[in-house]
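Right, one structure below, let's go through it.
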Amino acid sequence: MPNLSYLKALNRALGAEMARDPAVCVFGEDVRVGVSNVTTGLLKKFGPERVVDTPISEQAFTSFATGAALAGQRPVVEFQIPALLFLAFEQIANQAHKFSLMTGGQVRVPVTYLLPSSGSRGGWAGQHSDHPYSIFAHVGVKTAVPATPEDAYGLLLSAIRDDDPVVVFAPAGAVGVRADVDLAALDAVPLGVGRVHRTGDDVTLVAVGHLVHDALAVAEELAGTVSVEVFDPRTLHPFDWAGLGASLERTGRLVVVDDSNRSCGIGGEILATAAEQLRLVAPPKRVTRPDGAVLPFARDLDLALQPTREQIRAAVEAVAKS
C-alpha cells in the first residue's frame, strides 16, 4: 500500500474537496505558494479565485471567511501559528459559531479553521507553541485533533462538509507521521467518534493528538505487566463519551495525556466527566503541561514542559496498582 504522510493527507483531502465542491475555497497567508505544504499545488489546479492569499491580519481574513460562508462558500482558513487563534477568537467563537444558533438555523456558517503544526516546534518559543484546543471545546465550537494520516484526511473532509465552524488542529508532533494506507479506501471520519488504537483490559489511556503515538509506545512497553487500552477521542467537541464509557466498562481505570496546560484543560474535563458519569474503580490521573506553561526557546526547556513517555508510564502503573 502507498505510504502517506500526515501533511500529504491534509493536502489530498483539501484537493479532493475542492474538486468535489466548487464552493470550497482557501484563505490564508502565503497559501498560494503552500508555505505549510498543506496547500501545495492547489493554486495551479483551482486558480487564484479559490486559493486566496490574504493580508497579514488574522482578524480581517477570519471575518472575510465568515462573510463568504454566509454567502454560500465553504472557506478553509489556514493559520500558520496556533497563537493567532487568540487574535481571531472573537470572530470564531462570538460571530461564526453563534450565527446559526441566534437565527434559529436560518443561516449556516460552514468554515474550517486549519492549524498545521500546532503545539511545540523546536525553537519557536512561547508565542508560537500553544495548543489552545480546550478553549474552543469550552465555548462549543467543533474541534478536531487527528493523530494519524488517515484520520487527518477523514476529519478534514468532515470538517469542510459540516455546516458549522470546525477547528482542526494538526499537531506538530504528528505531521511527520507516515502510514501505509489504501488511498482508495480513505473517506470522511465522522466528528464525535473516537478510535481505539489498541485494546486492553487494565487501564484506559486517553491520548490527544500526537500523544497517541507515545501512548501506543508506552502500552507496548507495559504489555507484559499492564494491559493498556489506547483511546483516541479524535474530536474534543463533540466528544465520544459513549466510546470512552465502553472502554471504561472494560477497564475501570483511566489515565489522560494532553499536551496543553493543566488548569481548565481538556484532560481535566475528561477526568471530571468520567468521575461523574462513567465507571471508575480507582482514582484517575492526567499527564499535561504544567499550570500556566509558556514553552521556552531553549529546546531542552521546551521538552521539559511537555508530557513525556516516562510520565505516562508512571501514571499508568500507579493507576493500575490502585
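Remarks
- Using the 1.4 Å probe convention, the accessible area of the range 118-232 works out to 32 Å² per residue with neighbouring protein chains retained.
- Anisotropy class of the range 1-133 from Cα gyration tensor, a/c 1.5 cut: oblate
- Counting only heavy atoms of the protein chains and using a 1.4 Å probe, residue 239 has close to 20 Å² of accessible surface.
- Overall form of the range 36-89 per C-alpha gyration tensor (a/c, 1.5; a/b vs b/c): oblate
- Exposure of residue 225 as accessible area (Å², to 10), given a probe of 1.4 Å and all protein chains: 110
- A Förster distance of 45 Å, applied to the separation of the beta-carbon atoms of residue 279 and residue 180, puts the FRET efficiency at 0.80.
- Per-peptide packing, taken as the mean over residues of other Cβ atoms within 10 Å, places 107-116, 30-39 in the sequence 107-116, 30-39 from highest down.
- One decimal place: the segment residue 20-residue 201 gains 60.9 nm when fully extended, by the rule 0.36 nm per residue minus the C-alpha distance.
- Taking the chain as a Gaussian network of alpha-carbon nodes connected by springs under 10 Å, the highest mean-square fluctuation of the residues 229, 58, 269 belongs to 269.
- Principal axis analysis of the Cα atoms in the range 120-190 yields extents of 40, 29, 13 Å, listed in decreasing size.
- The chain: relative contact order in percent, alpha carbon pairs under 8 Å with at least 6 residues between: 16
- Accessible area of the range 37-158 belonging to carbon and sulfur atoms, whole % at 1.4 Å probe: 57
- Only DSSP H runs of four or more residues enter the estimate; each adds -39500 (n - 2.57), and after division by the residues of the chain the mean residue ellipticity at 222 nm equals -10500 deg cm²/dmol.
- Full extension of the segment from residue 187 to residue 310, taken as 0.36 nm per residue of separation minus the current Cα-Cα distance, would add 40.8 nm.
- Bridges between two residues of the chain, per DSSP, are antiparallel at a rate of about 20%.
- Sorted largest first by accessible area at a 1.4 angstrom probe radius, with every protein chain in place, the residues 98, 8, 44, 321 fall in the order 44, 321, 8, 98.
- Using alpha-carbon coordinates, inclination of helix 309-321 to the longest axis of the chain, degrees: 50
- Rounded tilt (10° steps) of 241-251 against the dominant C-alpha axis of the chain: 20
- Between residue 98 and residue 225, the C-beta separation translates, for a Förster distance of 45 Å, into a calculated FRET efficiency of about 0.35.
- Cβ-based net charge around residue 293, under 13 Å, with every Lys or Arg adding one and every Asp or Glu removing one: -3
- Degrees separating the helix 266-277 axis from the principal Cα axis of the chain, which is the longest one: 60
- Anisotropy class of the range 217-322 from Cα gyration tensor, a/c 1.5 cut: oblate
- Annotation: residue 20 carries an accessible surface of approximately 140 Å², with a 1.4 Å probe and no ligand, DNA or RNA atoms counted.
The values are calculated or read from the model by the stated rules, or taken from the named source; none is laboratory data. Source: prediction; values computed, not measured. When we count neighbours, we look across all protein chains shown, and the Cβ atoms used for this are built from the backbone with ideal geometry, even at glycine. Calculation scope for accessible area: heavy atoms of the full protein, side chains included, ligands and nucleic acids excluded. Shrake-Rupley method; radii C 1.70, N 1.55, O 1.52, S 1.80 Å.
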